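The structure under discussion appears below in the form of structure tokens.
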Amino acid sequence: MFLSDIHLRTPEDKVSQHREELLLQLLSQEKERLKHLFLLGDIFDFWFEYRDVAPKGYFRLFNMFYELYKKGVKIYFFTGNHDMWVKDYFTTQFGCQIFRSQQAFIINGKRCLVGHGDGLGGKQRKYLLMKSILGYNPNQKLYSLLHPRHAFSFARYWSHKSRIAHPDDDKIFKNEEEPQIQYARQVLSQESVDYFIYAHRHIPIQYALSEQSTYLNTGEWLNTFSYIVLDDGNEGPQLLYFTQSQTDESATEKTF
């Protein structure tokens with residue numbers, strides 16, 4: 001299973017908690033047959049680990065990660081542009097393998113390139129420069145000098161400003177003009193890849209690059225609640241949308 005762009009703790013706690021609840025429902029109903037869980041970045045709207053402090057508010061999700069880990073599920077955490085400052089917390093607590101760039105996998109005999117997908121293709125010099133500055137280890141150490149309350153508040157403020165600044169047409173898939181598609185074309189000119197599985201764009205889509213190669217984007221968990229599944233069968237990847245299970249609360253009467 002491939003999930004991404006959940007952006008927990010945005011835009012507000014109640015809305016974020018609802019998204020987390022839906023995510024927990026999905027993982028709970030699939031946990032008996034789940035073997036590999038790929039978290040493709042921006043699971044949190046902001047994540048920063050101090051030596052003795054980690055952000056609070058994710059107890060139920062972390063409990064689910066731990067349960068999956070104890071069941072033998074392999075969890076792969078790809079850092080996104082919102083949670084690039086992940087360090088070793090997820091490795092020590094849930095056995096996650098951390099990836100800071102895309103990675104090639106052979107899944108069901110198919111060669112897959114998997115990653116968050118930010119900064120790939122096109123002319124993104126400004127973005128790549130900013131990412132390199134934020135990823136520079138001395139800058140992270142300087143940021144850690146801030147009190148966590150101020151550090152988290154400051155980061156969430158800029159995350160919110162960045163989201164507002166994105167134009168509406170940025171949410172439209174641009175086919176061959178998409179930087180990730182352009183990057184995939186470059187790769188295919190040199191080597192064979194069956195599936196490119198990326199995130200970041202918040203647009204759930206399955207796009208044929210050729211008869212042998214397909215680009216997929218997980219979408220996001222803010223509005224579409226989309227994710228990708230690769231099964232043991234020969235069906236290939238499936239782009240799915242999760243809907244909340246319905247319960248008839250009126251049929252339940254409690255007596256105390």
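Quick notes on this one:
- Residues being of a type outside the set (D, E, K, R), open to solvent by 90 Å² or more (accessible area, probe 1.4 Å), out of contact with any strand residue (DSSP E or B) (no Cβ under 8 Å at 6 or more places or on another chain) and at pLDDT 95 or above are represented in the stretch 54-66 by at least one member.
- No other residue among Phe256, Phe196 is assigned to a loop (DSSP other than H, G, I, E, B) and either within 19 Å of the chain's Cα centre (by Cα) or modelled with pLDDT under 95 (or both) apart from Phe256.
- When residues of the stretch 141-159 are limited to those that are touching a helix residue (DSSP H, G or I) at 6+ places or on another chain (Cβ under 8 Å) and assigned to a helix (DSSP H, G or I), the one surrounded by the fewest Cβ atoms within 10 Å (Cβ to Cβ): Tyr143
- For the stretch 88-123, filtering for residues that are open to solvent by 30 Å² or more (accessible area, probe 1.4 Å), assigned to a loop (DSSP other than H, G, I, E, B) and in contact with a Lys or Arg (Cβ under 9 Å, 6 or more places away or on another chain) leaves 1.
- When the stretch 29-53 is limited to residues that are aromatic (Phe, Trp, Tyr) and part of a loop (DSSP other than H, G, I, E, B), the one that is least open to solvent (accessible area, probe 1.4 Å) turns out to be Trp47.
- Residues in the stretch 197-215 that are farther than 13 Å from Pro179 by Cα and in contact (Cβ under 8 Å) with a residue 40 or more places away in the chain: Ile197, His202.
- Note on the stretch 180-226: residues that are open to solvent by 10 Å² or more (accessible area, probe 1.4 Å), more than 19 Å from Asn81 (Cα to Cα) and not basic (Lys, Arg) amount to 22.
- The residues of the stretch 1-28 that are loosely packed, with under 14 Cβ neighbours inside 10 Å and at pLDDT 95 or above amount to a single one, Ser28.
The values are calculated or read from the model by the stated rules, or taken from the named source; none is laboratory data. What you are looking at is a predicted structure, and each value in this text was computed from that prediction instead of being measured. Here Cβ is always computed from backbone atoms with ideal geometry, including for glycine, and neighbour counts include all displayed protein chains. In case anyone asks, the SASA skips ligands and DNA or RNA and just uses the protein heavy atoms, side chains included. Shrake-Rupley method; radii C 1.70, N 1.55, O 1.52, S 1.80 Å.
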